[in-house]
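Please treat every number below as a calculation from the coordinates, not as lab data. Source: prediction; values computed, not measured. Cβ: placed from backbone, ideal geometry, glycine included. Neighbour counts: every protein chain shown.
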Amino acid sequence: MRRLAASLTVLGFLVLAGRADDQPKKSSVYDDVPAAKSSPVFDALKKEFTQARAKHARELKEAQKAVGGAKTDAEKQEAQQHLGDVTKDLPGPKYAARFLEFAETHAKDPMAFDAAVMAFRYSARPATRDNTLGKALAYLQDNYASKPQIKQVVRTFEASKGPAGEALLREVLAKNPDHRIQGHACKALLAVTTRTGEKDRLEKLLKGKYADLFPDLSEGKPVPEIAAKNVHDKDVKLSDFRGKVVVLDIWATWCPHCRAMIPHERAMVERLKDKPFAIVSISMDTQKETLTDFLATTKMPWPQWWVGDHSELAEDWNIEYFPTVFVIDARGVIRHQGLIGDDLEKAVIELLKGMEKKKGK
C-alpha cells in the first residue's frame, strides 16, 4: 500500500509535507498544493526554490553514484562523506526562511498565506520560539487562526511542532467559526498536547461536539452513509447496496498498488456475478477526467464514483493510504479492513456463505 502525507497533506495527524523535502513523494491524499493565484515576487521565489530542489536531487543522485563507483576504501570513504554532506544540505530550510520573510513583508499579498504554509512545510524540526518553524506557526496563529485557509495547516500536524504548534491549534479551536475546522484542530491537538488534563477535555469534545465529524470505522461498527456522484454525474449512496456484501475500494488512478488490484477485482466480479455482491470504487483523483480517461482504456465493470482529492470523505474517514479497502456485510456493518487479493475474496465468500445459511433456515 502507498501511504498518503506532504501534502498536505495530513489526522492520525502526520505531516506529509514538510519532511525530507527532496525525497520521492508518497501516495498521499493530503498532498495539498497552494491555491493558484498570481504574485510575481512569490512566483519568482517559488520557481527559484523548485530549481534548487531539482539541482539538489541531481547532486544527490551523483553523490550516490559516486559511492557505488568507488574503487578503493579511501575513495569510498570520501564519497560517503560527500553524500552525507549533500543529504544534509536540503534547500527546504533555507528557502523556508525566505518564504516566511515574504509573508511577513507582504501581509496583504494574496500569496502571503501560501508563503507562510511553504515556510511551515519546509522548515527544520522541531519548532522553537526563534527558528523559522516557530515563527511561521506564530505568524499563522496571529493572522489566520480564524480564517478558512488554516484548514490545510490543521490537517497536517505532528508532534514536532512543539509548544508553538499547540498554541496555534488552541487558537484555531477557540476562534475559528467553522465546525469542521474546529473538529480537526481538536483532534490534532489531542494527538500532540502534553497536558494531561487537556487530553481528557479534548477527548470529551471529540466524542460529543465533534462526533459527527469522525465516524467509528472499527470492524463491527455500522458503515457511515456515503453520498457521492458516479462517473455519469448521478447521485449515489452507499446504502443503495444494502442487502449485498460490498467491497468499498477507495483509490486513485495514479496509485500503483491500486492499479495492481484491478485484474483480481475484475475476476472477482465475474466469478461472483450471480451473488449478492458488489465492488464500489471511489476515486480521489484530483480531476474526474483523470478517472474517466483511465476507465476508457481499463475495464472496471463495477460502480465507479468520484469525490476528488480534498473531499469530506478523505477528511472524516482519515484516509491515509491508497488503496483503503473495507468489506461490508449485507446489514451495512464493517467486517474487514485492508484486505486485498485472495484474502479479500476469501472474506467475501465467507460472508456470502453466511447469508446463504441464514436464508436456508
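Couple of notes before you dig in:
- Positive-end residue, segment 97-173 charge dipole about Cα centroid, Cβ charges, pick of Tyr139, Pro163, Met111: Pro163
- Residue pairs exceeding 29 angstrom between C-alpha atoms, taken from Lys204/Lys244; Lys61/Lys108; Lys229/Lys299; Lys151/Lys299; Lys46/Lys108; Lys221/Lys359: Lys204/Lys244; Lys61/Lys108; Lys151/Lys299.
- Annotation: the residues Asp130, Asp89, Asp142, sorted from fewest to most other C-beta atoms within 10 Å of their own C-beta, follow the order Asp130, Asp142, Asp89.
- Using every pair of distinct Cα positions in segment 40-207, the Kirkwood expression returns a hydrodynamic radius of 17.8 angstrom.
- Here the Debye sum runs over all C-alpha atoms of the chain as equal scatterers in vacuum, and log10 of I(q)/I(0) at q = 0.07, 0.11, 0.14 Å⁻¹ comes out as -0.38, -0.87, -1.18.
- At 1.306 mPa s and 10 °C, Stokes diffusion of segment 227-360 via Kirkwood alpha-carbon radius, µm² per second: 105
- Placing unit charges on the Cβ atoms only, positive for Lys and Arg and negative for Asp and Glu, gives the chain a dipole magnitude near 760 debye about its Cα centre.
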